[in-house]
Amino acid sequence: MPDLEASLFVIFGGTGDLAERKLIPSLYRALAAQDAADRSVVLGVSRHDIGDEAYRSWAERVLEASGAADKPARQWCQANFYHHAVEGSGAGYPELRKRIEAIETERGLPGNRVLYLATPPQAFVPTIEGLGGSSLNESDGWTKIVLEKPFGTDLETARELNRLVQSHFDESQIYRIDHYLGKATVQNLLAFRFTNPMFERLWNRDRVEHVEITVSETLGIGSRADYYDRAGAVRDIVQNHMTQLLALVAMEPPNVFEADRIRDEKVKVMKAIAPVAADDFVVA
């Protein structure tokens, strides 16, 4: 595996639920597995100015809660975490750019940036506009923007959001992601289906009577009540997580195991699904 390029990982919503439960623990484990923790600097962006030291202490507690309580994890937080506050309007983005450039100069980074929008969906538009308006859509290295689900509230708003992000970023820079796909169990579905000869031959409509997909979580709404009031469980779970699982279960094997080819096979599944009729067995 080639060496990871040094980069700045900017998390918008840097103290939020997604950053706490998923992003920071996953990022650390991925980097630690490749002995590359020192090659990724994290800048958390949120509305409240908590300062670098408090953010580093918070990140330590996050990793400890996730089971990474060793000395290297604490050292990574203390050496590589920064925080910057940006108000909801776009006025603070020029200052954010100055802060990013200052960190890159201080740490000798080449300008490689990941801009991860781990924010509520209603914050996507002002954040994208702020990034584009302050020229944070380009750098001396590479710049990638990651948009979490849900992507819009319906087809038209999804198209509007797509037009907006494409007006500031090239398509090659854009990653639309469902973090559920990062779960080991979900990723293992591809290997389970297509590289296990016994199951690969049996996984078809002549051998499988029905498939039941169950999403069972012990985690409650917690501090996410405002998010659920706006997004709702159907938009948060069904159109994203469960639909991805459905596609992975029902898709045909791609001719090449590449991202675009896997996507193409998923799209075929979506197009083959008949609309849900009112008299079908649906429990709301």
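The single condition among (1) within 29 Å of Y180 (Cβ to Cβ); (2) touching a residue at least 60 places away in the same chain (Cβ under 8 Å) that E104 does not satisfy is (1). Consider region 50-79. How many of its residues are acidic (D, E) and out of contact with any helix residue (DSSP H, G or I) (no Cβ under 8 Å at 6 or more places or on another chain)? Residues in region 50-79 being acidic (D, E) and out of contact with any helix residue (DSSP H, G or I) (no Cβ under 8 Å at 6 or more places or on another chain): 3 in total.
Within region 2-56, the set of residues being at positive phi and more than 17 Å from the chain's Cα centre (by Cα) comprises D35, G51. When restricted to residues that are in a helix (DSSP H, G or I), open to solvent by 10 Å² or more (accessible area, probe 1.4 Å) and of a type in the set (A, V, I, L, M, F, W, C), region 27-61 contains 8.
Kindly check whether there is at least one residue in region 216-226 that is modelled with pLDDT under 85, open to solvent by less than 60 Å² (accessible area, probe 1.4 Å) and over 24 Å from G152 (Cβ atoms). Yes, there is a match, as at least one residue in region 216-226 is modelled with pLDDT under 85, open to solvent by less than 60 Å² (accessible area, probe 1.4 Å) and over 24 Å from G152 (Cβ atoms). Pick from F192, F199: which is farther than 22 Å from S46 by Cα, free of Cβ contacts under 8 Å to residues at least 12 places away in the same chain, in a helix (DSSP H, G or I) and touching a Lys or Arg at 6+ places or on another chain (Cβ under 9 Å)? When all the criteria are applied, what remains is F199. The sole residue among N162, N112 that is in contact (Cβ under 8 Å) with a residue 60 or more places away in the chain and polar (S, T, N, Q) is N112. A search for C-beta distances below 6 Å between a residue of region 65-85 that is under 14 Å from R99 (Cα atoms) and at pLDDT 95 or above and any residue that is β-branched (V, I, T) and not in a loop (DSSP other than H, G, I, E, B), counting only pairs 6+ apart in sequence or on different chains, returns F81/V42; Y82/I103; H84/V45. Only a single item in (1) of a type outside the set (A, V, I, L, M); (2) open to solvent by less than 90 Å² (accessible area, probe 1.4 Å); (3) over 27 Å from A19 (Cβ atoms) is not met by K183, and it is number (3).
Summed over region 192-210, residues that are surrounded by 10 or more Cβ atoms within 10 Å (Cβ to Cβ) and of a type in the set (A, V, I, L, M) total 2. Any idea which residue in region 62-93 is farthest from N137 (Cα to Cα), counting only those that are among the hydrophobic types (A, V, I, L, M, F, W, C) and in a loop (DSSP other than H, G, I, E, B)? Top of the filtered list is A69. Within region 90-99, restricting attention to residues that are touching a residue at least 40 places away in the same chain (Cβ under 8 Å) and not aromatic (F, W, Y), the residue that is least open to solvent (accessible area, probe 1.4 Å) is L96. Please indicate, with yes or no, whether at least one residue in region 124-133 is hydroxyl-bearing (S, T, Y), closer than 21 Å to H179 by Cα and modelled with pLDDT under 90. No: region 124-133 contains no residue that is hydroxyl-bearing (S, T, Y), closer than 21 Å to H179 by Cα and modelled with pLDDT under 90.
Could you count how many residues in region 131-165 are open to solvent by less than 20 Å² (accessible area, probe 1.4 Å) and in a strand (DSSP E or B)? Of the residues in region 131-165, 5 are open to solvent by less than 20 Å² (accessible area, probe 1.4 Å) and in a strand (DSSP E or B).
The values are calculated or read from the model by the stated rules, or taken from the named source; none is laboratory data. From a predicted model like this one, the values you see are computed outputs, not experimental measurements. FYI the Cβ positions are ideal-geometry reconstructions off the backbone, even for glycines, and counts take in every protein chain you see. These accessible areas exclude ligands, DNA and RNA; they are computed on the full protein's heavy atoms, side chains included. Shrake-Rupley method; radii C 1.70, N 1.55, O 1.52, S 1.80 Å.
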